[in-house]
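Contents: one structure, followed by commentary.
The values are calculated or read from the model by the stated rules, or taken from the named source; none is laboratory data. Keep in mind that this is a model prediction, so the values were computed, not measured. For neighbour counting, all protein chains shown are included, and Cβ atoms are generated from backbone atoms with ideal geometry for every residue, glycine included.
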Amino acid sequence: MGTDANSGNPRHLRRDCRGYTLVELLVAVAITAIASVSLLRAFSVAGTVTARNESMCYARWLAVSLKTEMDRLPAVDPNQPPAFGVEAGEWQNDRRTFDDIDDYLGWSGVPDDGNGQGNGDLAAYQLATEISYVSADDFTLVAPPGQSNYVLCRIRVRCTEHEVYDLQWLRTVRWDCYRP
Ligand SMILES: [Ca+2]
């Protein structure tokens, strides 16, 4: 029957039962602290990315909703001699009075609740619209109002100090919209 050559050796028992030294404990604490900081940073970055994605998702939804509203309207005022911007009886700060695309020229505001009142849940967002006539040969060139059949519509939704969702699209003008 075999025996442990070190069994019964007092020096061997002391080495097994001595526990950890202070240096070993400090190293373990340092490693744990470094790992914890790394984990916290990872969670923090993940939280920031999630918040940004959520913010941009709301901004996109606001932009698409406003585009849907604008696309229901003709490119030229259907009821009176068209101007570039709001016509008589329409108010630049009240979208409910708009009846054609270029009424949105220079409009800006916060998301509303559908009744013309600000939506407190989305108060952090700011919307702005830009309208311009552009050249038929080059959509990057601005044309004088009424001198082109193409209108460039743009919606910008600012969700934070540095984040802006931008949506642009073209409309073609139907000059027969206005029927006096
Ligand atoms: Ca109008």
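What to note about this one:
- Selected residue (criterion: nearest to residue 108 (Cα to Cα)) from residues of segment 149-171 that are of a type in the set (Ser, Thr, Tyr) and modelled with pLDDT of 90 or more: 165
- Applying the criterion of being β-branched (Val, Ile, Thr) and not in a helix (DSSP H, G or I) to the residues of segment 43-91, the residue that is nearest to the ligand (Cβ to nearest atom) is 86.
- Any hit, segment 93-104, residues being within 14 Å of the ligand (Cβ to nearest atom), closer than 14 Å to residue 62 by Cβ and buried (at least 16 other Cβ atoms within 10 Å of the Cβ): yes
- Residue 142 meets all of the listed conditions (1) of a type in the set (A, V, I, L, M); (2) within 16 Å of the ligand (Cβ to nearest atom); (3) under 16 Å from residue 173 (Cα atoms) but one, namely (2).
- Residue match in segment 108-122 (condition: more than 11 Å from the ligand (Cβ to nearest atom), assigned to a loop (DSSP other than H, G, I, E, B), touching a residue at least 12 places away in the same chain (Cβ under 8 Å) and surrounded by 13 or more Cβ atoms within 10 Å (Cβ to Cβ)): yes
- When residues in segment 140-176 are screened for being in a loop (DSSP other than H, G, I, E, B), touching a residue at least 60 places away in the same chain (Cβ under 8 Å), closer than 23 Å to residue 78 by Cβ and not charged (D, E, K, R), 3 of them pass.
- Pairing residues of segment 78-93 that are of a type in the set (Asp, Glu) with residues that are not in a loop (DSSP other than H, G, I, E, B), at Cβ distances under 8 Å and at least 6 apart in sequence or on separate chains, gives 87/103; 90/97; 90/103.
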